[in-house]
1. SER18 versus GLN114, label points 7 Å from Cα toward the beta carbon: distance in nm?
2. Dividing the alpha-carbon radius of gyration of the chain by 2.2 N^0.38 Å (N being the number of residues), what value is obtained?
3. Please report MET239, MET311 as a ranked list, fewest other C-beta atoms within 10 angstrom at the top and most at the bottom.
4. What FRET efficiency would be calculated for the residue pair TYR300, SER277, taking the C-beta separation as r and a Förster radius of 35 Å, to the nearest 0.05?
5. With each pseudo-label sitting 7 Å past Cα toward Cβ, what's the ARG32-VAL140 distance in nm, one decimal?
6. Compute the whole-percent fraction of alpha carbon pairs in the range 2-43 spaced more than 14 Å apart.
7. Among LEU312, LEU264, rank each residue by its count of other Cβ atoms within 10 Å, from fewest to most, as a rough exposure measure.
8. Determine, for PHE176, PHE84, the number of other Cβ atoms within 10 Å of each Cβ, and report the residues in order from fewest to most.
Amino acid sequence: MSVQRVYVAFRKTIAIGSDWLCAQTPCAIKSRNETTVVVEPFNKSRKIKVPVEVYDAEACVLEQDDHFVYNASYPGGRIPKEEFDVKPIIGKSELLAPFIENKNFCLLLEKAYQDSYTGKGNTFCINIKEYLAYLANPVVSKLERIGDPVFNRTSRHTPPIPSGFERKDFEACLSFPAPIGIRAEDFAFPSEQNKILVQLLTQIFNCKNAPICPEEIRAKLNIVVEPDSHRCEWCGEVMNIVELNQDYCSKEHSVNFCHRDPKLGTKEHNVYIGHCSCNREQGGYSEIERVMQIAKLAKYNTEYKKILLEMLQ
Ligand SMILES: [Zn+2]
């Protein structure tokens, strides 16, 4: 019989060496001796040694059953147990290796990889050095705004911060001024992150002029290659990797990754490789919002209605 793992979460974010141990992240207990408890946080690939006195003061054991670990900070208040064992489906260097000569294509793959596994950046997040200085001398001038609840680029299965969470809530929380999570729209469980990467790579390899997807990558990721089949959702044109690469190197490269509903963020079935200009045209609205706007505009205008009906023939 296998021994059931014990999971704990820390009441507040703690700085340990060069690592942040994020508040409320479930951590599997790996070992304990008189001085140290070794934990493996859900959102990290490495273990962290926590001094016993810190552990005893801040760790709370999480409830679990056969299928879930319960934690109010996660969507639905629980984490499916199998998610603790899901690792990235492929390593970044393994993915890039066959294309190392093709710099632009590697940049595109790197961006797909980063969007799949890492939350967006946040330059307002305090660093550990500044945080320790604050703990030693917790005085800030009234005008200074220290720290931010959102981590700078961390894994997408770090606890999501509720959308209504305000600055005053952050200043009142135990972790302040250390970060406590990621933006809610950046959140995805590890299995969904793998699906997002596979979807993005499938689209990339199905663009016109895309390099051939090597057999080992195709088989490992179960990518279905149908050359010249990937279209921009907005304009319906087949995407050309040559144009994409040119756009990627421009200042606005990040908008090559278009969202069907920008408010949902990079979720499965919500992100696709499309044109920068098309993404700009869609703006902050979802596709369905745009459809409803046009339908409303055409409904009581016979001329527009006629144009629209002819276009849809
Ligand atoms: Zn387009």
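1. In this crude label model, SER18 to GLN114 measures out at 1.9 nm.
2. That works out to 1.18 for the chain.
3. Least to most surrounded, the residues fall as MET311, MET239.
4. 0.70
5. Roughly 3.4 nm, to one decimal.
6. Of all Cα-Cα distances in the range 2-43, 51 percent exceed 14 Å.
7. Starting with the residue having the fewest Cβ neighbours, the order is LEU312, LEU264.
8. If I rank by nearby Cβ atoms, fewest first, I get PHE84, PHE176.
Values in this text are rule-based calculations from the coordinates and carry no lab data. Given the structure is predicted, the values throughout are model-derived calculations rather than measurements. Because the Cβ atoms are built from the backbone with ideal geometry, glycine has one as well, and the counts that use them run over all protein chains shown.
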